[in-house]
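The values are calculated or read from the model by the stated rules, or taken from the named source; none is laboratory data. What you are looking at is a predicted structure, and each value in this text was computed from that prediction instead of being measured. Here the Cβ is made from the backbone with ideal geometry for all residues, glycine too, and neighbour counts use every protein chain on show. Accessible surface areas use protein heavy atoms only, side chains included; no ligands, DNA or RNA. Shrake-Rupley method; radii C 1.70, N 1.55, O 1.52, S 1.80 Å.
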Amino acid sequence: MASTSVPIGSTAHSTVESGRFYRRFKPYQRLMHAILMFTFIGCSLSGLPLLFPYTGWAEGLVRLFGGFEGAALVHRVCATLMCVVFALHVLEVVIRIARDGLLNVLWGPNSMVPQPVDIVQMFRHVKWFVGKGERPQFDRYTYWEKFDYMAVFWGMFIIGGSGLLLWFPEYWSSWGLPGWAFNIATLVHGHEALLAIGFIFTIHFFNGHLRPEKFPMDKVVFTGSLPEHELKEERPLEYARLVREGRLQALETEAPTPTTNTVSTVVGGLGLALGILTMVLIFAGLASHLFD
């Protein structure tokens, strides 16, 4: 197909597509993200009534789940699925380390581990925001994407670990764990979860979907591919590197079918709507607590 030239690193959002698409996420990665998204939403909606029991919406939400027993069941099923997805991802990372070496996985442009260049790009980005410099050029992963990724690791150990203590208190007590540890776990689980919900449904949603060049939704994590002009504009360093290494053509793929686009819109739109609804409920709960 003929390709329309788009300047590498252009800050303008082009509406012209070259006809070429490149794979960004594999099918299993898209599936894992979808499961993680909906299980996180499930944990959020089933757990929030315990943090805001004085609100009317908490009572209605619990009824929707069929009572506190139903909410607890949904919470635990979603948490289990989330842990399974996390464990599979960790296994994938371990396999990659065994195959490619520790340094190649934890360092370089294809690594999700924050590096000094990310700090530099973050400051350059802030300068660009206030009109004091040019927009920084990004490689495969941006500094905010790495922050999101590392936040999941932090959350899985902190929220997941405290959740396991609360789920099986008799078992952990049999190992000599004192009662005050469960009180701390209750506080940590609830407040860290509230922090995670607030971050995901505001900062992550804005970066992924609501910023002007992506509004109303970035479907790449659902379709798995992105058009050539987006790769050039948003990740010029990656595009140039792939061209230089002769690997760009191997990533070329078919454009998403109408069915794929429709399913992506429905799945992504549902997740976006539920996330925004969750934040509305949280703000309403906080307002009720402050002004009651």
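Using helices alone, what [θ] at 222 nm do you get for the chain, with -39,500 (n - 2.57) per DSSP H run of 4 or more residues, divided over all residues and rounded to the nearest 500? Could you put the intermediate results ahead of the total?
Details: 12 runs with 193 residues, N = 292.
It lands at -22000 deg cm²/dmol.
Please calculate the 1.4 Å probe accessible area of H33, with all protein chains present, and give it to the nearest 10 Å².
60
For a Förster distance of 41 Å, can you work out the FRET efficiency between the beta-carbons of V93 and N183, rounded to the nearest 0.05?
0.75
Return the loop-located chymotrypsin sites (Phe, Trp or Tyr not before Pro) in the range 33-89 (DSSP other than H, G, I, E, B) with at most 14 other Cβ atoms within 10 Å of their own Cβ; answer none if there are none. Don't skip to the answer; put the middle values down first.
On the way: sites: F38, F40, Y54, W57, F65, F68, F86; in loops: Y54, F65.
Hits after loop and neighbour filter: Y54.
Can you pull the percent of the chain's accessible area that's carbon plus sulfur, 1.4 Å probe, other chains left in place?
On the way: 11780 of 16870 Å².
Solvent-exposed carbon and sulfur of the chain make up 70 percent of the total.
Starting from 0.36 nm per residue, how many nanometres of slack lie between F215 and V266 once their C-alpha separation is accounted for?
Numbers: separation 51, 0.36 × 51 = 18.36 nm, distance 1.51 nm.
Length gained between F215 and V266: 16.8 nm.
For the range 149-161, in order, what is each residue's ³J(HN,Hα) by Karplus, 6.51 cos²θ - 1.76 cosθ + 1.60 with θ = phi - 60°, in whole Hz (x at glycine and Pro)?
Calculated HN-Hα couplings, in order: 5, 5, 5, 5, 4, 4, x, 5, 6, 6, 6, x, x Hz.
Of the options Q29, L237, S111, report the single residue whose Cα projects farthest towards the positive end of the charge dipole of the chain (beta-carbon charges: Lys, Arg +1; Asp, Glu -1).
Value computed over the given set: L237.
Keeping all protein chains in place, calculate the accessible area per residue for the range 203-256 (probe 1.4 angstrom), answer in Å².
It amounts to 47 Å² per residue over the range 203-256.
Cut-off under 27 Å on the C-alpha distance; same-chain residues fewer than 8 positions from K26 excluded. Which lysines are left, in chain and number order?
K146, K214, K219, K232
Starting from 0.36 nm per residue, how many nanometres of slack lie between H33 and L51 once their C-alpha separation is accounted for? Provide the component values of the computation, followed by the final result.
Values: separation 18, 0.36 × 18 = 6.48 nm, distance 2.63 nm.
Between H33 and L51, full extension yields 3.9 nm more.
Quick one: length gained pulling V77 to F206 fully straight, 0.36 nm per residue minus the C-alpha distance?
On the way: separation 129, 0.36 × 129 = 46.44 nm, distance 2.80 nm.
Value of the extension gain: 43.6 nm.
Where the centre of each part is set by its Cα atoms, how far does the range 18-68 sit from the range 86-128, in angstrom?
26
Under 10 Å, Cα contacts only: if you run a Gaussian network model on the chain, which one of R24, R96, R76 comes out with the highest mean-square fluctuation?
Looking only at R24, R96, R76, the largest GNM fluctuation is found for R96.
Pairs of alpha-carbon atoms within less than 8 angstrom and 6+ residues apart define the contacts here; what relative contact order does the chain have, in percent?
Numbers: 283 pairs, mean separation 93.4, N = 292.
Relative contact order comes out at 32 percent.
Assigning unit charges at the beta carbon (Lys, Arg +1; Asp, Glu -1) and nothing else, what dipole magnitude in debye, to the nearest 20, does the chain show about its Cα centre?
Details: 23 positive and 23 negative charges, 117 e Å.
Magnitude of the dipole: close to 560 debye.
State the label only: which of (i) 56, 56, 34; (ii) 57, 45, 36; (iii) 63, 44, 43 corresponds to Cα extents along the principal axes in Å computed from the shown model?
So the calculated entry is the one marked (iii).
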